[in-house]
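Visitor: Let me begin by handing over the structure; questions about it come next.
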Amino acid sequence: MTGINSGAAFGVPLFRISVYNKDRQFECNIGNPSSLEAVIRWDQVSTLTMSLPLGHKRVPNLMADGARLRVLFRGEHLISGPIVSDSLESSGGKDDTYTVTVEDDVRVLKEILGWPVPTAGIISQDSSEYRTYTGNAESIVKAAVTENGVNRLAIPGLTVAPNLNRGATVPGGVPFRFHPLAEQLFPAVTDAGIGVTVRQVDGSLVLDVREPEQLTTKLSVKGRTLKRVGMTRTRPAASRVVIGGQGEGTARKFRMLTDPLRESQYEMRAEAFRDARDDDTDAVMDARGQETLREQGPKNGVSIDLAGSGIFQYGPGGFHVGDSVPIEVTGGVTMTEVIRECTLRWKSAHHADIEPSAGEITNQPERAMANRFAAMFRRIRNQETR
């Protein structure tokens, strides 16, 4: 799945790698790393791994506690975030290396809990069982982060961009009871049509949202925009979900959600059950039901090999993660899928390998296992925070 990007102009590197200290103050630039690989993900935490010769003069800057990287690709923000781990291999020779791993600043959404009463202290959290944010997706994200991350926690440097009310209304809203924000916000706001970004801008961390684009250029092997295309599809497992709330026996409350479009498209009637005994409010029960419908839905995935540095490139004027692209998988069959992630590998100052993945690749066991664990942990957390 490789495509080659060239520098915009001779002498202009594709990647600009800058090192900052824990206060987000500029320290230095890194010219030519031994290796660099960035995996940019849609509404998940992106990562970057970079290696340098151990004797590189900038290694002490990278080893400082709280050190950060900010990387541009073709002049556009690619990733910013703290160095979360580093390692070195030394035998006293010229091949000694130092390696760092960076996690994107959107990771902050995993580190903030949504309190039931974010304006009150910990001993006053008994006045409300949940804090449920309602409305359009952008309003929900920015209200939750403002109340919990900016006002309550006062995370250094974190700011929230003005709300433009983008994204669809989230059915039932997004409820929190000491859940990490990311755990409840995704995939609810993704389904509502927006992505969330946290980027280092000067000395601040600015949270904003992005509306993905619907690309019109069709990719195909026949059209020579692709070298190869692979596809996986899995039929949905359920079209209806019964949600069991609080109570025992005949006193237990139940609700049901149905996806009529799925039932019509696949001519199916298939039920699943979701245990939500930690709550009996309609909004929370419906949110759990929607989560189960997503988990039990169809899974389509497309893997592609880009054919060189043609019209389909990552970055300014090209595609980004979150965008939807039509891909001809075989003669007469075109699938439009979301670009879920893209791997960019440094090859030289003016060349990079680009590997996008669209949809959900169901024949990769590690991805399927990660999704199952994420769903399991969400359900355990709902019981723990009860």
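Visitor: Checking the condition buried (at least 20 other Cβ atoms within 10 Å of the Cβ), hydroxyl-bearing (Ser, Thr, Tyr) and modelled with pLDDT under 90, which residue from Ser357, Ser303, Ser309 passes?
Guide: Ser357
Visitor: Continuing with the same structure: Restricting attention to region 278-298, report how many residues are surrounded by fewer than 18 Cβ atoms within 10 Å (Cβ to Cβ) and not acidic (Asp, Glu).
Guide: Residues in region 278-298 being surrounded by fewer than 18 Cβ atoms within 10 Å (Cβ to Cβ) and not acidic (Asp, Glu): 5 in total.
Visitor: Sticking with this one: Would you confirm whether any residue within region 242-255 is within 27 Å of the chain's Cα centre (by Cα) and not assigned by TED's automatic domain parsing to the domain that holds Lys22? Before you say what the answer is, go through the steps one by one.
Guide: Here is the first cut: in region 242-255, the ones within 27 Å of the chain's Cα centre (by Cα) are none.
There is no residue in region 242-255 that is within 27 Å of the chain's Cα centre (by Cα) and not assigned by TED's automatic domain parsing to the domain that holds Lys22.
Visitor: Among the residues of region 199-217, is any assigned to a helix (DSSP H, G or I), within 13 Å of Asp43 (Cβ to Cβ) and either assigned by TED's automatic domain parsing to the domain that holds Gly135 or touching a Gly at 6+ places or on another chain (Cβ under 8 Å) (or both)?
Guide: Looking only at region 199-217, we keep the residues that are assigned to a helix (DSSP H, G or I), and these are none.
No - not one qualifying residue is present in region 199-217.
Visitor: Can you name the residue in region 312-329 that is in contact (Cβ under 8 Å) with a residue 12 or more places away in the chain and assigned to a loop (DSSP other than H, G, I, E, B) and, of all such residues, is surrounded by the fewest Cβ atoms within 10 Å (Cβ to Cβ)?
Guide: Pro316
Visitor: Now for a separate question. List the number of the failed condition for Ser264; all other conditions in (1) within 26 Å of the chain's Cα centre (by Cα); (2) modelled with pLDDT of 90 or more; (3) surrounded by fewer than 16 Cβ atoms within 10 Å (Cβ to Cβ) hold.
Guide: Checking Ser264 against (1) within 26 Å of the chain's Cα centre (by Cα); (2) modelled with pLDDT of 90 or more; (3) surrounded by fewer than 16 Cβ atoms within 10 Å (Cβ to Cβ), the one that fails is (1).
Visitor: Among (1) in a loop (DSSP other than H, G, I, E, B); (2) more than 30 Å from Glu328 (Cβ to Cβ); (3) under 21 Å from the mean Cα position of the chain (by Cα), where does Thr146 come up short?
Guide: Single failed check for Thr146: (1).
Visitor: Here are some conditions: (1) in contact with a strand residue (DSSP E or B) (Cβ under 8 Å, 6 or more places away or on another chain); (2) crowded, with 16+ Cβ neighbours inside 10 Å; (3) on the phi < 0 side of the Ramachandran plot. Ala161 meets all but one. Which one does it not meet?
Guide: (2)
Visitor: Right, something else. Restricted to region 126-142, and to residues that are at pLDDT 95 or above and in a helix (DSSP H, G or I), which residue is farthest from the chain's Cα centre (by Cα)?
Guide: This residue is Ser139.
Visitor: For region 10-66, give me every one of the strands (runs of 3 or more DSSP E) that falls completely inside it and has 1 or more residues that are surrounded by 15 or more Cβ atoms within 10 Å (Cβ to Cβ) and hydroxyl-bearing (Ser, Thr, Tyr).
Guide: Output list reads 15-20, 47-53.
Visitor: Criterion first (of a type in the set (Asp, Glu), in contact with a helix residue (DSSP H, G or I) (Cβ under 9 Å, 6 or more places away or on another chain), outside the structural domain of Thr190 (by TED's automatic domain parsing) and part of a helix (DSSP H, G or I)) does Glu263 satisfy it? Spell out the reasoning first.
Guide: Working: of a type in the set (Asp, Glu): yes; in contact with a helix residue (DSSP H, G or I) (Cβ under 9 Å, 6 or more places away or on another chain): no; outside the structural domain of Thr190 (by TED's automatic domain parsing): yes; part of a helix (DSSP H, G or I): yes.
Answer is no for this residue.
Visitor: Against the definition (in contact (Cβ under 8 Å) with a residue 60 or more places away in the chain and out of contact with any Cys (no Cβ under 7 Å at 6 or more places or on another chain)), how does Thr232 come out, yes or no?
Guide: So Thr232 fits the description; yes.
Visitor: I want to confirm something. Restricting to region 111-146 and keeping residues that are surrounded by 14 or more Cβ atoms within 10 Å (Cβ to Cβ) and of a type in the set (D, E, K, R), which single residue is nearest to Arg70 (Cα to Cα)?
Guide: Going through the qualifying residues, I end up with Lys142.
The values are calculated or read from the model by the stated rules, or taken from the named source; none is laboratory data. Predicted model, so just to flag it, every value in this text is computed and none were measured. Quick reminder, even Gly has a Cβ in these numbers, built from the backbone with ideal geometry, and neighbours come from all protein chains shown.
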